[in-house]
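See structure below.
The values are calculated or read from the model by the stated rules, or taken from the named source; none is laboratory data. Because the structure is predicted, anything quoted here is derived from the model rather than measured. Here Cβ is always computed from backbone atoms with ideal geometry, including for glycine, and neighbour counts include all displayed protein chains.
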Amino acid sequence: MSFSVEQRGNQNSLGYRLFFKNAEGKYISPFHDIPMYADKGQNIFHMVVEVPRWTNAKMEIATKDLLNPIKQDVKKGKLRYVANVFPHKGYIWNYGAIPQTWEDPAHKDGDTGCCGDNDPIDVCEIGSKVCSRGDVIKVKVLGILAMIDEGETDWKVIAINVDDPEASEFNNISDVRRLKPGYLEATVDWFRRYKVPDGKPENQFAFNEEFKDKDFAIEVIKSTHNFWNALISQKVNAGELNCKNTCVSAGNSPFCCSADEATAAVGETFPRGKEEPVPSSVDKWFYYEKK
C-alpha cells in the first residue's frame, strides 16, 4: 500500500495545502481513508508525518476541510510556528498522527479525567531518519505520554519507523530510556514548555509525567479508533469535522466524496508556486527558568 502527495499553493503561505493520493492516483483523506493498521497481526500502524524533525512550521491534518489536506495552523491571521525553547530547535521527533483515530471531545478519559482534543491521536517518531512532510510510514508503537493541554486529553504516542536501522532493538518504552538516554525527559520538557513563549501556561501531564508502556499505548490507540468508527458511521455528532472520504463510506452516505467532487476541491486551491521565505523570528531561541 503506497501513498503520494500533491502540493498546492506556495509553501510558507496561507494557501499552502498538501493533498493525498493512493496508489491508483485517487484523492483520499489522510484522516479517514488511510488504514490505521499497516499490519494488524504485528500491531504495526500507519503514521502520517505532518512535521519533519527540526522544523518549526506547525503543520497538521486539516480535520475541518474537505479531503483533510495538511496545512499550516493559523493564529490571529498569521502562520503558526512553534518556538525554540532552549535547548530545543523545532520539533525533536518526526511528528504526526495515526489515521482513522479520533480523540472524542465528548468522552472524559477515565485515566486523565479530561475529554479528548477532537483530533487524530498524535505520534512522536524517534527514528534516525528525518522524514518528509506527507510521508506515510509504518511504525512500531513503544509507549505513550498523557499530556493535558488546556484542559483536554492529548495523548502522545512514542513510536519508531519499522524501516529504521535500529527498529529491531526497540520493543517497549524501556528500550527508549536505555538506548536513547535523555530523549524521554526531553520530550516531556518540550511538551511542557513549547507554548510558554506564546504567553500560555506550562502544560501538565497525567500519571505524574510517566510514560506508559507499549500495551497501554496500543489499547489507547484502539479506543481512539473506536471513537473514529462511531464518528464515520454517524453514531456521534461530527460537529465542524469534515468526515467526507473517497474510500470508506458507501455511496449512499453523506460522507461519501465522489472522484469528481474531490478533483473539484483540489482544483479550487491555488496551484503550486514558489516557496515563500520563512520569517527570521522563527529562528529565535527562547530562554526562561524552569519552574
For ALA106, only one of the following conditions fails: (1) crowded, with 19+ Cβ neighbours inside 10 Å; (2) at negative phi; (3) not in a helix (DSSP H, G or I). What is its number?
(1)
Which listed residue is aliphatic (A, V, I, L, M), in contact with a helix residue (DSSP H, G or I) (Cβ under 6 Å, 6 or more places away or on another chain) and modelled with pLDDT of 95 or more, from VAL236, VAL278
VAL236
Residues of the stretch 1-35 being surrounded by 20 or more Cβ atoms within 10 Å (Cβ to Cβ) and aliphatic (A, V, I, L, M), which ones?
LEU18, ILE28, ILE34
Just wondering, is there one or more residues in the stretch 186-197 that are part of a loop (DSSP other than H, G, I, E, B), touching a residue at least 24 places away in the same chain (Cβ under 8 Å) and of a type in the set (Ser, Thr, Tyr)?
yes
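Could you say which residue among GLU202, GLU219 is of a type outside the set (Phe, Trp, Tyr), surrounded by fewer than 16 Cβ atoms within 10 Å (Cβ to Cβ), outside any strand (DSSP E or B) and without any contact (Cβ under 8 Å) to a residue 24 or more places away in the chain?
GLU219
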Which of (1) in contact (Cβ under 8 Å) with a residue 40 or more places away in the chain; (2) of a type outside the set (Phe, Trp, Tyr); (3) on the phi < 0 side of the Ramachandran plot is the odd one out, the single condition PRO165 does not satisfy?
(1)
Restricting the search to the stretch 260-288, which residues are more than 30 Å from GLN100 (Cα to Cα), among the β-branched types (Val, Ile, Thr) and part of a loop (DSSP other than H, G, I, E, B)?
VAL278
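Among the residues in the stretch 252-259, are any surrounded by 14 or more Cβ atoms within 10 Å (Cβ to Cβ), outside any loop (DSSP other than H, G, I, E, B) and under 23 Å from the mean Cα position of the chain (by Cα)?
No, the stretch 252-259 has no match at all.
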In the stretch 20-40, anything more than 19 Å from ASN226 (Cβ to Cβ), out of contact with any Asp or Glu (no Cβ under 8 Å at 6 or more places or on another chain) and free of Cβ contacts under 8 Å to residues at least 24 places away in the same chain is listed as ALA23, GLU24, GLY25
Residues located in the stretch 61-103, provided they are in contact with an Asp or Glu (Cβ under 6 Å, 6 or more places away or on another chain), in contact (Cβ under 8 Å) with a residue 40 or more places away in the chain and of a type in the set (D, E, K, R)
LYS64, GLU103
Residues located in the stretch 1-26, provided they are in contact with a Ser or Thr (Cβ under 7 Å, 6 or more places away or on another chain) and over 30 Å from PRO277 (Cβ atoms)
ALA23, LYS26
